[in-house]
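The values are calculated or read from the model by the stated rules, or taken from the named source; none is laboratory data. In this text, all values refer to a predicted model and were calculated from it rather than measured experimentally. Cβ placement follows ideal geometry from the backbone for every residue including glycine, while neighbour counts extend to all protein chains displayed. The area values use the complete protein model at the heavy-atom level, side chains included, leaving out ligands, DNA and RNA. Shrake-Rupley method; radii C 1.70, N 1.55, O 1.52, S 1.80 Å.
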Amino acid sequence: MTAAAAPLGRDLKVMGLVGAAHWASHFYQLVLPPLFLFLKDEFGVSFAALGLLTTLLYGSSGLAQTVAGFAVDRFGARRVLLSGLTLAAVSTLAFGLVEAYWLLLPLSVLAGLGNSVFHPADLAILTSKVSEGRLGRGYASHALCGNLGWAAAPLLMLGLAQLWDWRVAVICAGLMGLVIVAAFLIWGADLADDM
């Protein structure tokens with residue numbers, strides 16, 4: 001079945017799964033900044049040192065995004081998306097397990113590398129799998145989900161950190177991404193590039 005003739009249900013499933021992945025991408029970008037006060041006390045570092053974590057995440061993501069686009073063309077959008085989401089989720093989960101500030105540095109780079117795949121992979125999937133008449137809605141839902149991820153991160157991270165502690169909050173954030181990976185594995189078979 002071609003994307004042009006895809007039924008509404010399939011288009012909604014594709015938009016939902018890709019939207020969830022994009023939500024996670026933006027969510028992971030803001031997992032640590034709301035927790036900087038906790039991290040400053042925990043590791044005894046300056047806000048400048050904590051800002052370096054965000055710089056490394058965004059820097060590695062930006063530098064690797066072009067390579068991610070080539071990887072999407074070479075290995076397929078679904079495979080690259082799931083690899084990136086898994087890397088971002090596991091890196092985020094690992095933030096909550098480290099005992100030293102310096103270990104957060106390579107994890108931030110890894111999280112950024114995971115984050116680099118989302119736009120090339122998401123847009124390739126939407127373009128190839130959503131019917132032409134619904135493609136505008138697909139792109140709009142993609143953008144909306146990303147913005148909702150940014151909005152959710154400070155609320156969820158501070159809420160969970162207040163309820164338990166910052167480590168539990170970060171581990172829960174990592175687990176959320178792995179749930180989305182599981183959803184792709186269960187319901188996203190028709191997002192493969194061979195259709």
Legend entry - Full-extension gain in nm, LEU105 to LEU37, via 0.36 nm per residue minus C-alpha separation: 22.7 nm
Legend entry - 1.4 Å probe accessible area per residue over the stretch 84-142, in Å²: 38 Å²
Inset, instruction - Any chance you could give the angle, 0 to 90 degrees and rounded to 10, that helix 166-187 forms with the longest Cα principal axis of the chain? - result: 10 degrees
Legend entry - Rounded tilt (10° steps) of 8-29 against the dominant C-alpha axis of the chain: 20 degrees
Legend entry - the chain: most fluctuating residue of ARG74, ARG137, ARG167 per GNM, C-alpha cutoff 10 Å: ARG74
Inset, instruction - Using only Cα positions of the chain, each an equal point scatterer, no hydration layer, compute I(q)/I(0) via Debye at q = 0.13 Å⁻¹ and quote the log10 values to two decimals. - result: -0.66
Inset, instruction - Using label points projected 7 Å from each Cα along Cα→Cβ, tell me how many nm separate TRP164 and ASN147, to one decimal. - result: 3.1 nm
